[in-house]
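The values are calculated or read from the model by the stated rules, or taken from the named source; none is laboratory data. Only a predicted model underlies this, so the values are computations on that prediction, with no experimental measurement involved. Virtual Cβ from ideal backbone geometry, glycine too; neighbours counted across all protein chains shown. For the accessible areas, the whole protein counts, side chains as well, though only heavy atoms, and no ligand, DNA or RNA atoms are used. Shrake-Rupley method; radii C 1.70, N 1.55, O 1.52, S 1.80 Å.
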Amino acid sequence: MKTTESRVHTQKEVAEFTHVKELGGIELLNASYHKQNFSRHSHEGYTVGVIESGAQRFYRTGGNHIAPQNSIILVNADEVHNGCSAAENGWSYRAMYPLPEQFSQLNQELGLASKGAPYFPEPVVYDKPMAEMLRMMFHTLDTSDNRLLRETLLYSAMMKLISRHSRTKAEPSKAAAAQTQLLLVKEFLDDYPSIDISLEELATLAGLSPFYLIKQFQKKYGLPPHAYQIQSRIRLAKQKIKEGYKLMDVALECGFHDQSHLSRHFKRTMGVTPGKYAK
């Protein structure tokens, strides 16, 4: 069942967010963009999208990629990416953002519990049957209240996606520099996104020099610490908006200077303003 919905219309720009209850709650997006230019950002969930028309250009895994009509976009959780049009008339797509634990739950049901959450190595895949299955799933979640049908299609599509396009990601060598210290910094920024902390303080927390921290953190997580902090604040803002907080309160409690500061970063990441997302 749909729980919340937000839709924004501008010239050739449409973005509709829907939250469904299946699998503990998954965010869906139905969007058409013309001039939208997403800055580099990450999501706590995966991005699984089907291009309906036009083409999208985006960065992922150290390079730029183009996803044309009928292709499937795959971005792993916490993976840095961006997005803009690769066609004169923009692009439209359907997408969902399942969390790693939701994929891990399905892996357990496939007997792959030891592999944890899946890793999708290819940013763009061309799989017509898979694309049609995802379209059927999105349409059913939009139009049907039949819980058994909704859950069946959602589970089936995600499990098929795992079996056809995922693999276990090779973990970096334990000898890689400062893995534990970098994780400590990441977890601090995840747990306390609104705190106004300095680079020196983060470096002291990690036991690293400030320059080395910036260089190694960006190498491992795709963003420097200050940009990663913004993404953590956006995630917290989404949560508070869903809980019904006023936007000014959201901005201040999430570490932004004011509502316009929140709005600017939120739109560059989500494609809509906080006010539109709240509706």
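Give the Debye-formula value of log10 I(q)/I(0) at each listed q (0.12 Å⁻¹), with one equal scatterer per alpha carbon of the chain, two decimals each.
-0.80
Could you let me know the centre-to-centre spacing of the range 23-85 and the range 207-275, using Cα atoms, in angstrom?
19 Å
Decide, for the range 162-279, between rounded, prolate and oblate: order the square roots of the alpha carbon gyration tensor eigenvalues as a ≥ b ≥ c, take rounded if a/c falls under 1.5, and otherwise choose prolate if a/b is larger than b/c, else oblate.
oblate
Tell me the net charge near Asp190. Cut-off is 13 Å between Cβ atoms, Asp190 excluded, with +1 for each Lys or Arg and -1 for each Asp or Glu. It would help to have the intermediate numbers written out before the result.
Working: positive: Lys186, Arg233, Arg235; negative: Glu44, Asp78, Glu187, Asp191.
Summing Lys and Arg as +1 and Asp and Glu as -1 gives -1.
At a 1.4 Å probe radius, carbon and sulfur cover how many percent of the accessible area of the range 175-279?
Values: 2970 of 5520 Å².
It is 54 percent, rounded to a whole number.
Would you be so kind as to identify which of Gly90, Pro129, Gln108 lies farthest towards the positive end of the dipole of the range 64-144, taking Lys and Arg as +1 and Asp and Glu as -1 on Cβ and the Cα centre as origin?
Checked the options; the winner is Pro129.
Just to confirm, what accessible area per residue do you get for the chain at 1.4 Å probe, in whole Å²? The partial results should precede the final answer.
Working: 13760 Å² over 279 residues.
Value returned for the chain: 49 Å² of accessible area per residue.
Whose amide H sits under 5 Å from the amide H of Ala15, counting only residues 5 or more places off or on another chain, with H placed in the peptide plane?
Val8, Ser32
Show me 202-209, 78-85, 189-196 ranked by packing, highest mean number of other Cβ atoms within 10 Å first.
78-85, 202-209, 189-196
Take Arg167 and Leu199, extend 7 Å from each Cα along the Cα→Cβ direction, and tell me the distance between the two endpoints in nm.
3.7 nm
Can you tell me which aspartates and glutamates have their Cα less than 14 Å from the Cα of Lys186? Leave out same-chain residues fewer than eight positions away.
Filter leaves Glu44, Asp78, Glu79, Glu201.
Counting alpha carbon pairs within less than 8 Å and at least 6 residues apart, what relative contact order, in whole percent, applies to the range 37-99?
Over the range 37-99, the number comes to 48 percent.
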